[in-house]
Amino acid sequence: MAFSPAFSAPVAALVYGPSSRGADTLLADFARDLLAQGRRLHGLVQHEIVPRGGGRPQRQLSDLRSGRLYGLSQDLGPGSRACSLDPGALAAASHVLRAALQARAELVIVNRFGAIEAAGGGFAQEMLALMSEGIPLVTVVSAVLLPDWRRFTGQAGLELPVARAPLQAWFEQLANGYAAAGQPDAAT
């Protein structure tokens, strides 16, 4: 792994492809463990809820600090093939990331860097604000959007597989780098 805490904006992405599954569960489990350790973690994780009668899964975001849920999926009807993402829910949830910036979080989890962020919408502005302040950020990116992600981060983002060990190693190296530099973290 080629991560160096000397990055001015430590950013990582779990990169998933067609066969990669489990990024949301991985981030939720990782977040739960860090919060249990008393780390200053903020952000949003995504959950999918499959309707009992079948149909399109409904997506929700969960605020890691408060547990508040934001429903991301609009009901467009059973035959709809259109994007069901609710832009109002994104706008409402964006305050979680702005609060993370104000709190100078130790780590911020952003559920996705998707097509909306690649086009400059969604959580793009909040992510850029966090990165410009040097606040560590981890997100999930589809392999299809890697060129957009690389442009967005100025090639500064570390790309990780959807696996706990590399994510944990990145965070530990990051936390150790800050500790060595004399910067506060939640463990001190």
Next item on the list: Report ³J(HN,Hα) in whole Hz for each residue of the range 36-46, in order, from the Karplus equation J = 6.51 cos²θ - 1.76 cosθ + 1.60 where θ = phi - 60°; Gly and Pro get x.
Entry: 5, 7, x, 6, 7, 9, 9, x, 9, 10, 9
Note to self: Give me the net charge for the shell around residue 149: Cβ to Cβ below 11 angstrom, other residues only, Lys and Arg +1, Asp and Glu -1.
What the structure shows: 0
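Defining a contact as two alpha carbons under 8 Å apart and six or more residues distant in sequence, what relative contact order in percent does the range 79-159 show?
Contact order relative to length: 30 percent.
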Margin query: Sorting check: for 11-18, 103-110, 165-172, which peptide has the highest mean count of neighbouring beta carbons within 10 Å, and how do the rest follow?
Written below: 103-110, 11-18, 165-172
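Readers should treat all values here as calculations from the given coordinates under stated rules, not as data from a laboratory. Values in this document were obtained by computation on a predicted structure and should not be read as measured data. Glycine also receives a Cβ, built like all others from the backbone with ideal geometry; neighbour counts cover every protein chain displayed.
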